[in-house]
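Working notes, beginning with the structure itself.
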Amino acid sequence: MGLSFSLLAYSRDGALDLTRPAGEAEAESVMRRLFPRTPYRLVGLRPLLETCFPPRERPAVGVFDDGVLIATRDAHLYDPSMLHARYLKLAEWPDVELLTASSSNDMFAYGRWLSGALSRSLSVNAVAGVWSDRGTPGAFPGDDLVTPQRWLDLCNAALASVLALEGDAAPPVAQPVPWEDVALHAFARSVPPAS
């Protein structure tokens, strides 16, 4: 399948239920809070598989009963600690998890912030090896054995643990959420009218 994604998952306790979506008004509110000076317009509701690795100028947001899922190229970081501070300001969801992978260069990175403080950072790729492995292991099963060869195992474990999604060639998730059942509200930067 060659899955690549760049996601931020916000919750109160480290797990986000993608089966209970809220509406577009909530997604627009999140975008206004994150980008108060950059006008974005809502493009429409798009399947997660189409939005999970968006171009930089086209983020996508899903608000759910217990948290938020944002697809943004800003989260595609080899070093999760470099995440822009704006993404840590949604205080009602103090547990923020970054999940990003690229199948084109066998890389996976994960970061977790609790109330704004980075508690776990790991990053592996075929070229640099283990780029980062800091913090307390245990955010998802198996992340205490971080090697470049395990990038896909780590990726699958994170998707399953945080979002109940199955990744490439993953072991089955107990109660998986089908990718095709999840949709995010896609946004684009508004272009000012020509004068």
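The table for this structure:
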{"quantity": "Amide H partners (placed H, <5 Å) of residue 4, local residues excluded", "calculated": "103"}
{"quantity": "Karplus 3J(HN,Hα) series, Hz, for the stretch 74-86 with 6.51 cos²θ - 1.76 cosθ + 1.60 (x for Gly, Pro)", "calculated": "4, 8, 7, 10, 6, 10, x, 5, 8, 4, 4, 4, 4"}
{"quantity": "The chain: most fluctuating residue of 44, 62, 138 per GNM, C-alpha cutoff 10 Å", "calculated": "138"}
{"quantity": "Highest-fluctuation residue, 183, 109, 71 considered, GNM on the chain with Cα pairs under 10 Å", "calculated": "183"}
{"quantity": "Solvent-accessible area of residue 112 with every protein chain in place, 1.4 Å probe, in Å² to the nearest 10", "calculated": "50"}
{"quantity": "Hz values of 3J(HN,Hα) by residue in the stretch 103-117 - Karplus curve (6.51, -1.76, 1.60), Gly and Pro given as x", "calculated": "6, 6, 10, 6, 10, 9, 9, 9, x, 9, 10, 10, 6, x, 9"}
{"quantity": "Fluctuation leader among 59, 176, 148 - the chain, Gaussian network, Cα springs under 10 angstrom", "calculated": "176"}
{"quantity": "With every protein chain in place, the stretch 5-189: carbon and sulfur % of accessible area (1.4 Å)", "calculated": "52"}
{"quantity": "Surface accessible to a 1.4 Å probe, per residue, for the residues of the chain, Å²", "calculated": "47"}
{"quantity": "Pairwise FRET efficiency - residue 130 versus residue 19, Cβ, R0 = 35 Å, nearest 0.05", "calculated": "0.50"}
{"quantity": "Cα long-axis angle, helix 151-163 against the chain (0 to 90 degrees, to the nearest 10)", "calculated": "50"}
{"quantity": "Using alpha-carbon coordinates, inclination of helix 24-34 to the longest axis of the chain, degrees", "calculated": "80"}
{"quantity": "Under the Karplus curve 6.51 cos²θ - 1.76 cosθ + 1.60, θ = phi - 60°, whole-Hz ³J(HN,Hα) for the stretch 64-71, x wherever Gly or Pro sits", "calculated": "10, 4, 10, x, 9, 10, 10, 9"}
{"quantity": "With 10 Å bins from 0: P(r) over the chain, alpha-carbon pairs, percent", "calculated": "9, 39, 37, 13, 2, 0"}
{"quantity": "MRE, 222 nm, helices only [DSSP H, n ≥ 4, -39500 (n - 2.57), over the chain, to nearest 500]", "calculated": "-4000 deg cm²/dmol"}
{"quantity": "Value of relative contact order over the chain, rounded to a whole percent, pairs C-alpha under 8 Å and six or more apart", "calculated": "28"}
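The values are calculated or read from the model by the stated rules, or taken from the named source; none is laboratory data. Not measured: the values here are computed from a predicted model. Note that we place each Cβ from the backbone using ideal geometry, even for glycine, and neighbour counts take in every protein chain shown. All accessible areas refer to the heavy atoms of the entire protein, side chains included, with ligands and DNA or RNA removed. Shrake-Rupley method; radii C 1.70, N 1.55, O 1.52, S 1.80 Å.
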